[in-house]
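Take a look at the structure set out below.
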Amino acid sequence: MASTVEGQGQTAPLPEDAGREIPVEMEKTYRLLALVRGQTFARPKYVEGDEVMVWPDLVVIEALSALVFTLLLLVMSILVNAPLLPIANATRTPNPSKAPWYFLNLQELLLHMDASLAGVFVPGLALVLLAAIPYIDKSPLGQGVYWYTPNSKKIAGFSAIYSFVLLWFLILIDEPPRPFRILGFWPGFGVSRFFSSLAEPTRPGGAIAPNLPDLPLMGDPYKWLYAFLLPTVVMVGLSVLLVVIVRRVWQADTREVMIALFTGFVVAYVVLTIAGTAFRGHGMELHWPWENSRFPEGAHITGWLGL
């Protein structure tokens, strides 16, 4: 027997199976969902409050910074003339012969290790590791904030001191030995030169067999040790030691480990640049900055005097 329902003056029949219980189909697959703790790939809403728009906030600041630096460079170029060097002479190389200041960190490395390691592998690997930081530290929290975690300042400060002290120590112990003086002072241990002497066992005064006759040797069989392997072990080992220390002392997470390593990289860049710029003098030996000649051999000072 069909039933009817009234609405707006019309009568419509109800379906015959109205009110009948719908059976559960046992052939269907049912899934139980649960909530778990964790971070999603989407950026959380609660971190968007620190964001600013690229235009005009960021672009205006960058434009003003560019104008200020351009003005400062213009004023310095007017007031201070660059030193003039003589015409290049293929038979006389200036001493010391230095690269531009922004490459002096690499030139400093060349004094302590193989040229391919200092000029290709170290800077290349550094750039790769810098580009890999966002893929290692994937947390969206505190992006762009250097002191985001409670221990970040302590870790960065320790990393800066750690890198500063060890780098200067390594530079000093690798300085070739010379009569005692204080830098024009440091007597030097000449670690690289010591291993280099092992490569000439038949040379009179050699480290291995000083009494054998002087016979020519093919190549340098120990160069891979003191110029490639030893510097690599030192660089990797000290970096790993830094990570171990910050994890043990501050229970550092991935973000804090990245802060420690990046701080160490910046300090290493600055220390090597300063060492190559101010402390390397005649023959690329270590001297106090005021003991170094302001100009290489043969340089004219008329540019500085404005003549």
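FYI, it's all coordinate maths here, none of it is from the lab. Every value quoted in this text rests on a predicted model; they were computed, and no experiment measured them. Using ideal geometry, Cβ is built from the backbone for each residue, glycine included, and neighbour counts are taken over all protein chains shown.
Would you mind counting up the charge near Trp147? Only other residues with Cβ under 12 Å from its Cβ, with Lys and Arg at +1 and Asp and Glu at -1. Residues close to Trp147 contribute a combined charge of +2.
What does the charge count near Met235 come to, summing +1 for each Lys or Arg and -1 for each Asp or Glu among other residues with Cβ under 15 Å from its Cβ? Surrounding charge for Met235 is -3.
Other residues whose C-beta falls under 11 angstrom from the C-beta of Gln107 contribute a net charge of +1, scoring Lys and Arg +1 and Asp and Glu -1. For Leu84, the residues whose modelled amide H falls within less than 5 Å of its own, excluding neighbours fewer than 5 places apart on the same chain, are His300, Thr302, Gly303, Trp304. Taking label positions 7 Å along the Cα-Cβ direction at both Gln143 and Leu79, the computed distance is 4.2 nm, reported to one decimal. Here's how it looks for Trp288: its modeled amide H is under 5 Å from those of Gly184, which are all 5 or more places away or on a different chain.
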